[in-house]
Amino acid sequence: MKTLRKLEKQVADFNDLQVKVDEAELMLELYKEGDATEEESDEAHNIAVQAIENIEFKRTLDKPEDALDCILEINAGAGGTEACDWASMLFRMYKMWADRNGYKWSLLNSVDGDAAGIKSVEMEISGDNAYGLLKGENGVHRLVRVSPFNAQGKRMTSFASVFVHPVVDDSIEITVNPADLSWDVFRSSGAGGQHVNTTDSAVRVRHIPSGIVVECQQERSQIQNRETALKMLKSRLYELELQRQLEERDKVEAQKMKNEWGSQIRSYVMDDRRVKDHRTGHQTNQTDAVMDGDITGFLKAYLMNKSATLMAMEEDN
C-alpha cells in the first residue's frame with residue numbers, strides 16, 4: 001500500500017504538471033491574440049516552471065532508502081554550556097521543520113547539559129522521504145553569535161554534529177544474532193516522572209562485531225526501551241551496509257561523501273544575519289526563519305547539487 005500511494009502521488013504530480021504546462025501555453029496564445037496581459041502570461045509560465053522544478057527535485061529521491069523514516073542525532077561539540085545551548089537550538093529547529101512540513105517526530109534519548117541545553121539528543125522523524133530529505137544534514141553545524149552565557153558579551157563560535165540514520169521498515173530484513181549483543185540497564189536521567197527516574201528502565205545495547213552502541217531511556221518500561229534500542233541498532237547496521245555498497249559502486253564518490261559528513265557543512269552567523277551552506281553556496285539572511293524550521297531551501301539545494309554532480313561524473317565516465 002505504501003508503494004501504491006507513492007506511485008499514485010507520482011502520477012498525480014505528472015498530471016498536475018501537464019495541466020499547468022497546458023495553461024501556460026494557452027495563456028501565451030491568448031496574450032499573442034491580445035486577450036490576456038503580459039503579466040498573466042508570465043504568471044502562468046512561472047507556475048509551470050515551478051511545477052517542473054518540483055518534479056525534478058523529487059527525482060533526486062530515487063534511492064530505496066530515501067523513502068524511509070530517519071533517526072536524527074545531535075551532539076554538542078567542545079565549548080561547554082554554549083555548545084549545549086547550540087545543540088538544543090538545532091533540536092528545536094528540526095522539531096519545527098517536522099511540524100510545519102507534516103512530519104511526525106518522537107524523542108528517543110537525550111542527555112541534558114550541565115548548566116543549560118543538551119549534550120546529545122536522538123529523535124525519530126516519520127513521513128514521506130524523511131531520510132531522503134534530511135540525509136544531507138549529516139555533518140558539523142557552526143554557530144557564531146554574541147553569547148548570552150558570556151559576561152563580557154563576546155562573540156563566540158560553537159559547534160554541534162548532526163547524524164541522520166535511515167530507519168529500517170518491514171520491507172528490509174536485518175538479522176541480528178542475539179549472541180552479538182551486550183545489554184546494560186540503568187536508571188534514567190533527567191525529567192521523566194517518578195516511575196522513570198526510580199527504576200532501572202533505561203537500556204544500553206552494544207553490537208560487539210561493529211562496536212555500535214545505542215541507548216534508549218524515554219519509555220516507561222524496560223521492554224519498550226529494549227524494542228526501541230534494537231530498532232535504532234538495526235538502523236545503524238543498515239546504514240553501514242549502505243556505506244559498503246556505496247564504496248563498491250563508486251569509491252571516489254564514497255570518499256567525497258565521507259569527507260562531507262565529517263566536516264563543517266553550514267554556518268549560522270547570527271549578528272551578521274546570515275546562514276550559509278558551504279557545500280552548495282546556498283544562503284539566506286532570514287536567520288530567525290531558519291531557526292524556526294525553514295530549512296527546506298537548504299535541503300533542496302543540497303540534493304539538487306548532489307544530483308547534478310553525479311550526472312556530470314556519469315557523463316565524464
For this session: Kindly establish whether Ser182 is farther than 26 Å from Leu303 by Cα, at pLDDT below 90 and assigned by TED's automatic domain parsing to the domain that holds Ala229.
Result: yes
Exercise. If you scan region 77-100, which residues turn out to be under 21 Å from Asn150 (Cα atoms) and surrounded by 18 or more Cβ atoms within 10 Å (Cβ to Cβ)?
Worked result: Gly77, Gly79, Thr81, Glu82, Ala83, Cys84, Asp85, Trp86, Ala87, Ser88, Met89, Leu90
For this session: Quick one: which residue in Gly132, Gly113, Gly127 is assigned by TED's automatic domain parsing to the domain that holds Met89 and farther than 30 Å from Leu7 by Cα?
Result: Gly113
For this session: Test each condition in (1) at pLDDT 90 or above; (2) β-branched (Val, Ile, Thr); (3) more than 20 Å from Leu134 (Cβ to Cβ) for Val252 and report the one that comes out false.
Result: (1)
For this session: For residues that are more than 15 Å from Thr81 (Cα to Cα) and touching a residue at least 40 places away in the same chain (Cβ under 8 Å), tally how many sit in region 145-168.
Result: 8
Problem set entry | Leading residue by the ranking (farthest from Ile265 (Cα to Cα)) among those in region 136-162 that are outside any loop (DSSP other than H, G, I, E, B) and charged (D, E, K, R) | Arg155
Exercise. How many of the residues in region 70-82 are assigned to a loop (DSSP other than H, G, I, E, B) and closer than 11 Å to Met123 by Cα?
Worked result: 0
Exercise. Yes or no: Lys95 part of a helix (DSSP H, G or I), touching a residue at least 12 places away in the same chain (Cβ under 8 Å) and not assigned by TED's automatic domain parsing to the domain that holds Arg155?
Worked result: no
Exercise. Can you spot a residue in region 51-64 that is surrounded by 19 or more Cβ atoms within 10 Å (Cβ to Cβ), of a type in the set (Ser, Thr, Tyr), at pLDDT 90 or above and within 20 Å of Asn138 (Cα to Cα)?
Worked result: no
For this session: Just give me the residues in region 271-304 being touching a residue at least 24 places away in the same chain (Cβ under 8 Å) and of a type in the set (S, T, N, Q), in sequence order.
Result: Thr280, Thr296
Exercise. Which is assigned to a helix (DSSP H, G or I) and farther than 17 Å from His165 by Cβ, of Asp85, Asp66, Asp62?
Worked result: Asp85
Exercise. Can you tell me which residue in region 125-156 is nearest to the chain's Cα centre (by Cα), limited to those that are more than 17 Å from Ile74 (Cα to Cα) and among the β-branched types (Val, Ile, Thr)?
Worked result: Val144
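This table checks each residue for (1) without any contact (Cβ under 8 Å) to a residue 24 or more places away in the chain; (2) more than 30 Å from Ser147 (Cβ to Cβ).
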site	(1), (2)
Gln50	yes, yes
Ile55	no, yes
Thr60	no, yes
Asn75	no, no
Problem set entry | Single match in Leu7, Leu30, Leu17 (criterion: loosely packed, with under 12 Cβ neighbours inside 10 Å and in a helix (DSSP H, G or I)) | Leu7
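The values are calculated or read from the model by the stated rules, or taken from the named source; none is laboratory data. Keep in mind the model is a prediction, meaning the values are calculated, not measured. Counting neighbours? That spans all protein chains shown, and the Cβs are built from the backbone with ideal geometry, glycine included.
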